[in-house]
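Below: the structure, in structure tokens.
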Amino acid sequence: MPAVYLYTVILLGQAVFASTPLFIKIALNDFDPFTLGLVRFGISIILLNLFLLIRGKRIIPDRREWLWILFLGFLAIPLNQGLLFYGLQFTTPGHSAL
């Protein structure tokens, strides 16, 4: 893979991640934090499953991995993102990105 392609992908990824708080703040004008979180992650689940379906991949964790998945899923999604969405109501996107 050419280096220019890799750097372009990295730059694009950083631009998307850096703009996330700004777009969340804009969306909070129309949605409450809980609804916005549900919509955001609902769309993510659908897109990820479509991607896996197209690629012909199927991911089924082992039984012993489910506890970790639930624990980390709680920390990453409802706790982390919920607090981010809630906090963005009271501050600027720039502060939340720090």
Test of understanding: what is the full-extension gain from Phe71 to Ile10, defined as 0.36 nm times their sequence separation minus their Cα-Cα distance? 19.0 nm
Which one, Gly37, Gly56, Tyr7, is farthest towards the positive end of the dipole of the stretch 1-95 when Lys and Arg carry +1 and Asp and Glu -1 on their Cβ? Gly56
For q values of 0.16, 0.18, 0.19 Å⁻¹, compute log₁₀ I(q)/I(0) with the Debye formula on a Cα-only model of the chain, without solvent. -0.93, -1.06, -1.10
For Lys25, Lys57, ascending order of other Cβ atoms within 10 Å (fewest first) is Lys57, Lys25
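Want the number for Ala27 to Ala3: 0.36 nm per residue separation, take away the alpha-carbon distance, what's left? Let's see the in-between values first.
On the way: separation 24, 0.36 × 24 = 8.64 nm, distance 3.55 nm.
Once the chain is fully extended between Ala27 and Ala3, it gains 5.1 nm.
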Quick one: order Asp62, Asp32 by neighbouring beta-carbon count within 10 Å, fewest to most. Asp62, Asp32
So for Ile24, Ile43, Ile60, fewest C-beta neighbours within 10 Å to most, what's the order? Ile60, Ile43, Ile24
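Here, each number is a calculation from the coordinates, and none is a lab measurement. None of these values were measured; they are calculated from a predicted model. Here Cβ is always computed from backbone atoms with ideal geometry, including for glycine, and neighbour counts include all displayed protein chains.
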